[in-house]
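> Got a structure here, written out as structure tokens. Questions coming.
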Amino acid sequence: MKSKWLFILLFLLCGYPLRNFAQSEFPKGWIFPLELSQGAVTALNSSPDLYLASLAFSPQIAVIPGRLRLGVTGGGAFTNKRIYGIGGGRLSLLLSDGPKVIESSVFNVQLVAEHLWGTKDQRLVGGGLAVEIGTMATLSIKAHRDYMLNNWWFQGAIGVNLFRKKIAPPPVL
């Protein structure tokens with residue numbers, strides 16, 4: 001009986017250092033993704049759809065570590081042969097995480113909500129799904145409703161986290 005408890009105690013103590021160095025999902029602190037997206041602006045009627053390209057910088061902070069991030073988005077969008085500025089708020093909610101390696105997951109799935117204002121009367125509200133791969137990159141699909149100009153913005157994006165935190169090396173046992 002005594003050896004059973006000793007084994008459990010040793011197992012927990014050996015696993016504890018690995019737990020401290022594992023990357024958690026939505027860790028405390030800031031992230032700084034830069035996203036490049038393409039898509040279409042459409043009124044969902046017989047009028048032609050317009051090409052959409054945008055580049056946005058979206059710094060976010062973990063408000064509830066492990067669950068919720070809050071931040072701002074700012075950038076530019078090219079549509080209708082013009083370049084517009086866009087900016088506003090962003091909220092990311094962790095839905096699930098992928099397979100675990102040690103105690104860190106390979107990817108996570110987020111629900112993203114945004115409210116953006118544009119320089120030419122655009123008022124966009126919407127969001128979508130984002131997949132964050134490790135701490136390096138994001139892939140997302142988003143839809144926004146422009147409630148001022150009465151059209152939809154559909155886009156797919158790829159992003160890179162600019163200022164990644166250094167991952168601590170594993171402990172020497």
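The values are calculated or read from the model by the stated rules, or taken from the named source; none is laboratory data. Note that the structure is a prediction, hence the values are computed from the model and not measured. Positions of Cβ are backbone-derived with ideal geometry, glycine not excepted, and every protein chain shown enters the neighbour counts.
> Is it true that some residue in the range 153-160 is in contact with a strand residue (DSSP E or B) (Cβ under 7 Å, 6 or more places away or on another chain) and either over 18 Å from I86 (Cβ atoms) or not in a strand (DSSP E or B) (or both)?
yes
> While we're on this one: Considering only residues that are of a type in the set (D, E, K, R) and in contact (Cβ under 8 Å) with a residue 24 or more places away in the chain, which ones fall in the range 25-53?
Of everything in the range 25-53, those that are of a type in the set (D, E, K, R) and in contact (Cβ under 8 Å) with a residue 24 or more places away in the chain turn out to be E25, K28, E35.
> Cβ-Cβ distance below 6 Å, separation of 6 or more or different chains: which pairs start in the range 123-139 with a residue that is closer than 14 Å to L94 by Cα and end on one that is part of a strand (DSSP E or B) and of a type in the set (D, E)?
Cβ pairs passing all conditions: G127/E114; T138/E132.
Conditions tested, residue by residue: (1) under 21 Å from F163 (Cα atoms); (2) assigned to a strand (DSSP E or B).
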{"site": "S37", "(1), (2)": "yes, yes"}
{"site": "V41", "(1), (2)": "no, yes"}
{"site": "S46", "(1), (2)": "no, no"}
{"site": "T73", "(1), (2)": "yes, yes"}
{"site": "K120", "(1), (2)": "no, no"}
{"site": "G127", "(1), (2)": "no, yes"}
{"site": "I141", "(1), (2)": "no, yes"}
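> So if I check each of L139, L111, L70, which one is over 20 Å from L50 (Cα atoms), at pLDDT 95 or above and surrounded by 14 or more Cβ atoms within 10 Å (Cβ to Cβ)?
Going through L139, L111, L70 in turn, just one is over 20 Å from L50 (Cα atoms), at pLDDT 95 or above and surrounded by 14 or more Cβ atoms within 10 Å (Cβ to Cβ): L139.
> Of all residues in the range 96-118, which are in a strand (DSSP E or B), among the β-branched types (V, I, T) and more than 11 Å from the chain's Cα centre (by Cα)?
Of everything in the range 96-118, just one residue is in a strand (DSSP E or B), among the β-branched types (V, I, T) and more than 11 Å from the chain's Cα centre (by Cα), namely V101.
Condition check ((1) modelled with pLDDT under 75; (2) within 17 Å of L124 (Cα to Cα); (3) surrounded by 11 or more Cβ atoms within 10 Å (Cβ to Cβ)) across all residues:
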| position | (1), (2), (3) |
| --- | --- |
| L9 | yes, no, no |
| L12 | yes, no, no |
| Y16 | yes, no, no |
| F21 | yes, no, yes |
| S24 | yes, no, yes |
| S46 | no, no, no |
| Y51 | no, yes, yes |
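Residues are listed down the side, and each one gets a yes or a no for (1) exposed (fewer than 15 other Cβ atoms within 10 Å of the Cβ); (2) touching a helix residue (DSSP H, G or I) at 6+ places or on another chain (Cβ under 6 Å); (3) not hydroxyl-bearing (S, T, Y):
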site	(1), (2), (3)
S105	no, no, no
H115	no, no, yes
A130	no, no, yes
G156	yes, no, yes
